[in-house]
């Protein structure tokens, strides 16, 4: 592997594949596969808008289709298309390059990130991990095999993985962004994205000195001295440099795929040892943490709420009435003593109160009960939904229920993960669904 590798921080400057000049980039870029999982109309529209064009839509399987009978056929076609895009010159290689990108959406200011590759040897998603790269949420092992099935025979990878760094002094990404404003780098793409995705601009960076300076800044963040001082920790706590903000299960699948290759005899030079991702400073003003709500399907809402006291005892209660909104709940003595969780259903709206001693986070408390309820009620399923309006619309439909969760403060993320380990799955989302990372850059992994 001849690429520039910074072993101490698990970072590589990769060869990046991008569509050749003249490609309609608006039709090329499509949103991450794990979005809109209860909204088939969105994906039908995506298919229609990209029909007949070279597009990342042809290189990925939206999760809404994972359990369809034709999933294996879709995966086989994806892998064939990947091969043809390389052989037919649809994709061009940009050697030893980083991409600095600027993304704006209809509701957020500019978000700045840098596309690089991270070493999966430095990553461990297991509970209790003290690796340099860590998951921020619990990993659902059952979600990994379908993703590995896609990656197993794939020629290329496309990232919707967003990696967060805690850089309050803005020493890593921001200095490079300032250079971009002065015209120091080639602008390699600049276009509007489909379906409310906003606008994105990318700059190609090949200057080794700039890469070295960025790596030095990251290494400083990862130093035990700086790390311990920042979080008021003892120096025996292993530094956390990279926290997975989005794409946790995609990175976990890449890790499992790499471990399988190693077990089969692959050497450390194999390209699948690394995974392409976008690094973003958690303090970037374009990063906003939004809650991920729950919608339960095939459920009797009253049975669900009646079971709360059986499960939690006197540490939980439910009140029907009103519109089931946070502002209705934040009155009276309950404030600060209970997690306050509004819900909506065809049988009425209301608020669930769960004693904060059950779990430090509202999402952790209610997820415990949801998991147990689904185990005992085989016909009930859950989806993780972005946006209050969508949750209320779906949750108010027949035999459904929507559960609305509060927003997490992004400034608490790193210290919470360092002290408590991974958060409950689907605790937060970085922005709304249409603000998620769109597939643009690719990299060969075979």
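Select from segment 307-350 the residues that are outside any strand (DSSP E or B), closer than 26 Å to residue 390 by Cβ and at pLDDT 85 or above and list them in ascending order.
Step one: list which residues in segment 307-350 are outside any strand (DSSP E or B), which gives 307-315, 321-337, 345-349.
Filter again for closer than 26 Å to residue 390 by Cβ, leaving 307-308, 321-330, 345-349.
Hits for segment 307-350 are 307, 308, 321, 345, 346, 347, 348, 349.
Within the set of pairs 6 or more residues apart or between chains, which connect a residue that is assigned by TED's automatic domain parsing to the domain that holds residue 100 and crowded, with 17+ Cβ neighbours inside 10 Å inside segment 206-221 to a residue that is in a helix (DSSP H, G or I) and modelled with pLDDT of 95 or more with Cβ atoms less than 6 Å apart?
218/9
Just wondering, is there one or more residues in segment 181-202 that are assigned by TED's automatic domain parsing to the domain that holds residue 94, assigned to a helix (DSSP H, G or I), in contact (Cβ under 8 Å) with a residue 40 or more places away in the chain and over 17 Å from residue 15 (Cα atoms)? It would help to see each step written out before you state the result.
The first filter runs over segment 181-202 and keeps only residues assigned by TED's automatic domain parsing to the domain that holds residue 94, leaving 181-202.
After this cut, where a residue has to be assigned to a helix (DSSP H, G or I) as well, the list is 181.
Retained after the next criterion (residues that are in contact (Cβ under 8 Å) with a residue 40 or more places away in the chain): none.
No, that holds for no residue.
Might you check whether a residue that is assigned to a loop (DSSP other than H, G, I, E, B), exposed (fewer than 15 other Cβ atoms within 10 Å of the Cβ) and modelled with pLDDT under 95 occurs anywhere in segment 144-151?
No; the residues of segment 144-151 include none that is assigned to a loop (DSSP other than H, G, I, E, B), exposed (fewer than 15 other Cβ atoms within 10 Å of the Cβ) and modelled with pLDDT under 95.
Hey, could you check segment 97-126 for residues that are in a loop (DSSP other than H, G, I, E, B) and at pLDDT below 95 and say which is farthest from residue 286 (Cα to Cα)? Let's see the steps before the verdict.
In the first step, residues of segment 97-126 are kept if they are in a loop (DSSP other than H, G, I, E, B); the result is 97, 106-107, 125-126.
Next cut, at pLDDT below 95 only: 106-107, 125-126.
Working: 106: 12, 107: 10, 125: 26, 126: 29 Å.
Out of the qualifying residues, it is 126.
Of the residues in segment 40-61, how many are under 20 Å from residue 295 (Cβ atoms) and either surrounded by fewer than 19 Cβ atoms within 10 Å (Cβ to Cβ) or under 17 Å from the mean Cα position of the chain (by Cα) (or both)? Talk me through it step by step, then tell me what you get.
Kept after step one, since they are under 20 Å from residue 295 (Cβ atoms), are these residues of segment 40-61: 40-44.
Narrowing further to those that are either surrounded by fewer than 19 Cβ atoms within 10 Å (Cβ to Cβ) or under 17 Å from the mean Cα position of the chain (by Cα) (or both): 40-42, 44.
Adding up the residues that qualify gives 4.
Out of the residues in segment 271-290 that are in a loop (DSSP other than H, G, I, E, B) and in contact with a strand residue (DSSP E or B) (Cβ under 8 Å, 6 or more places away or on another chain), which is modelled with the lowest pLDDT?
If we filter segment 271-290 for residues that are in a loop (DSSP other than H, G, I, E, B), which is where we start, we get 282-288.
Of the ones still in play, those that are also in contact with a strand residue (DSSP E or B) (Cβ under 8 Å, 6 or more places away or on another chain) are 282, 284-288.
Numbers: 282: 95, 284: 94, 285: 91, 286: 90, 287: 90, 288: 86.
Among residues in segment 271-290 that are in a loop (DSSP other than H, G, I, E, B) and in contact with a strand residue (DSSP E or B) (Cβ under 8 Å, 6 or more places away or on another chain), the one modelled with the lowest pLDDT is 288.
Do we have residue 23 as more than 22 Å from the chain's Cα centre (by Cα), part of a loop (DSSP other than H, G, I, E, B) and in contact (Cβ under 8 Å) with a residue 60 or more places away in the chain here? Write out each step before concluding.
Values: more than 22 Å from the chain's Cα centre (by Cα): yes; part of a loop (DSSP other than H, G, I, E, B): yes; in contact (Cβ under 8 Å) with a residue 60 or more places away in the chain: yes.
Taking the combined requirement at face value, the residue satisfies it.
Checking the structure you have, find out if any residue of segment 241-259 is modelled with pLDDT of 95 or more and in a loop (DSSP other than H, G, I, E, B).
Yes, the conditions are met somewhere in segment 241-259.
Within segment 425-433, can one find any residue that is part of a loop (DSSP other than H, G, I, E, B), farther than 20 Å from residue 281 by Cα and without any contact (Cβ under 8 Å) to a residue 60 or more places away in the chain?
Within segment 425-433, not a single residue is part of a loop (DSSP other than H, G, I, E, B), farther than 20 Å from residue 281 by Cα and without any contact (Cβ under 8 Å) to a residue 60 or more places away in the chain.
The values are calculated or read from the model by the stated rules, or taken from the named source; none is laboratory data. Note that the structure is a prediction, hence the values are computed from the model and not measured. Please note: Cβ atoms are built from the backbone with ideal geometry, for glycine as well, and neighbour counts cover all protein chains shown.
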